[in-house]
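The values are calculated or read from the model by the stated rules, or taken from the named source; none is laboratory data. Note that this is a predicted model, so its numbers are computed, not measured. Neighbour counts run over all protein chains shown; Cβ positions are idealised from the backbone, glycine included. Just the protein is used for accessible areas: all its heavy atoms, side chains included, with ligands, DNA and RNA removed. Shrake-Rupley method; radii C 1.70, N 1.55, O 1.52, S 1.80 Å.
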Amino acid sequence: MERKYTPSDDFGSFLSTVQRAVNQPQGGDASMRIIHSLSRRKQTTMSQMVTLVKASWSDFNDSLKYLQAAGLVQIQDDNEGGVLLLTDEGAHWAQTMSLDWPDDDPEDGDR
Amino acid sequence: MALEWIVAGIFGALIGAGEIVAQFRDEPDDALMTFPALGYMLFNALAAVLALAVIRVFGWNVGVQDPILAGWAQVVLAGFGAMALLRASFFNVRDGEKIITIGPSRFLDIVLVSVKDAVDRKRAEQRGIAVSQIMVQVDFNRAWQALPAYCFGLLQNLPQDEQDKFAKKIALLVNASMSERVKTLLLGLSLMNLVGEKVLATAVKNLGDDINRLSPTAPSPAP
């Protein structure tokens with residue numbers, strides 16, 4: 001059977017993934033709240049983050065998976081079920097996003 | 001011979017430079033021109049010179065009888081020997097899930113982390129200034145597909161998984177509720193990390209009015 005040769009292109013993967021990802025569930029604003037919280041605390045346990053983000057479990061779960069796949073957040077295993085922290089690029093994002101965030105955040109009283 | 005000492009030092013410095021370049025692949029020349037990186041290379045150069053001194057004190061000629069060849073063999077041995085010794089660990093200690101190495105490599109790891117932090121801080125300032133200058137006229141809604149695609153087209157060899165990861169970041173920005181300015185800066189920052197400052201600047205310049213927020217001619221694609 002003759003197989004059709006498909007040459008690899010330089011940006012096709014980006015375009016197809018971005019079109020799919022735009023319509024994919026990303027957890028709504030929970031993703032941004034996770035980045036925001038991590039930028040202030042450096043690292044947080046999974047259980048603390050669920051409380052801080054104030055999102056439904058499915059939104060939280062979608063957000064976390066999405067942020068991990070995008071390379072912005074990483075999860076380190078520990079005895080309490082995982083610690084969340086920003087990657088280097090996630091930290092750069094948080095720094096730039098802070099231009100949009102108010103200085104006072106009642107959720108972050110313990111910082 | 002003085003030349004041998006100099007070559008041993010250069011050997012050590014190149015090994016240190018290699019580690020810095022491996023960590024800052026997007027703009028290696030900028031990273032190498034920072035004081036912490038230069039200090040790290042000097043440290044590696046001194047270690048190689050010290051190793052050569054030790055080799056000569058003990059008279060190790062690595063089995064080479066010709067005195068000139070033996071001298072150069074000692075230089076190579078000093079370069080690789082210092083690299084191996086500085087990166088060696090005697091044993092590992094487990095602390096919960098973490099494994100802590102005990103030995104000279106521990107010290108080198110600490111030095112490398114502090115260099116990385118210092119280089120990161122310095123480059124963060126440079127990146128921030130560069131991104132805001134390059135992206136000042138860019139409209140996020142016009143650029144979020146065209147600009148990355150054009151940059152990747154210029155690069156030609158960006159791996160598919162890197163493209164996919166980048167696409168996920170951009171999709172996150174498209175759906176995020178934040179100002180257009182911050183979205184544009186984040187688009188530029190993420191692209192700069194992948195393709196470097198020069199490629200980003202060239203792409204923005206070449207796309208011109210097609211992604212310019214002040215241009216009335218280009219259509220604005222719906223996200």
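Give B:124, B:118 a once-over and let me know the one that is free of Cβ contacts under 8 Å to residues at least 60 places away in the same chain and either in the same structural domain as residue B:22 (by TED's automatic domain parsing) or outside any loop (DSSP other than H, G, I, E, B) (or both).
B:124
If you go through region B:194-203 one residue at a time, do you hit one that is touching a residue at least 12 places away in the same chain (Cβ under 8 Å), touching a strand residue (DSSP E or B) at 6+ places or on another chain (Cβ under 8 Å), buried (at least 16 other Cβ atoms within 10 Å of the Cβ) and more than 29 Å from residue A:59 (Cα to Cα)?
Taking every residue of region B:194-203 in turn, none turns out to be touching a residue at least 12 places away in the same chain (Cβ under 8 Å), touching a strand residue (DSSP E or B) at 6+ places or on another chain (Cβ under 8 Å), buried (at least 16 other Cβ atoms within 10 Å of the Cβ) and more than 29 Å from residue A:59 (Cα to Cα).
For region B:169-184, which residues satisfy the criterion of being within 9 Å of chain A (Cβ to nearest Cβ) and crowded, with 23+ Cβ neighbours inside 10 Å?
B:169, B:170, B:171, B:172
Go through region B:113-124 and give me each residue that's more than 14 Å from chain A (Cβ to nearest Cβ) and open to solvent by 30 Å² or more (accessible area, probe 1.4 Å).
B:114
Would you mind finding the one in B:147, B:154, B:173, B:158 that is touching a residue at least 24 places away in the same chain (Cβ under 8 Å), assigned to a loop (DSSP other than H, G, I, E, B) and not polar (S, T, N, Q)?
After applying the criteria, what remains is B:158.
Could you say which residue among B:110, B:100 is assigned by TED's automatic domain parsing to the domain that holds residue B:34, farther than 17 Å from residue B:20 by Cα, exposed (fewer than 14 other Cβ atoms within 10 Å of the Cβ) and among the β-branched types (Val, Ile, Thr)? Break it down into steps so the answer makes sense when it comes.
Numbers: B:110 fails: farther than 17 Å from residue B:20 by Cα.
One residue alone meets the criteria, B:100.
Test residue B:192 against the criterion of being touching a helix residue (DSSP H, G or I) at 6+ places or on another chain (Cβ under 6 Å) and not in a helix (DSSP H, G or I), and give yes or no.
Considered against the rule, which asks whether it is touching a helix residue (DSSP H, G or I) at 6+ places or on another chain (Cβ under 6 Å) and not in a helix (DSSP H, G or I), residue B:192 comes out as no.
Could you count how many residues in region B:125-161 are within 30 Å of residue B:16 (Cβ to Cβ), within 12 Å of another protein chain (Cβ to nearest Cβ) and open to solvent by 30 Å² or more (accessible area, probe 1.4 Å)?
Residues meeting the conditions: 6.
Condition test on residue B:167, is it closer than 24 Å to residue B:216 by Cβ, modelled with pLDDT of 90 or more and among the hydrophobic types (A, V, I, L, M, F, W, C)?
no
On the given criteria, is residue A:77 at pLDDT below 85 and open to solvent by 20 Å² or more (accessible area, probe 1.4 Å)? Talk me through it step by step, then tell me what you get.
Numbers: at pLDDT below 85: yes; open to solvent by 20 Å² or more (accessible area, probe 1.4 Å): yes.
Spelling it out, residue A:77 is indeed at pLDDT below 85 and open to solvent by 20 Å² or more (accessible area, probe 1.4 Å).
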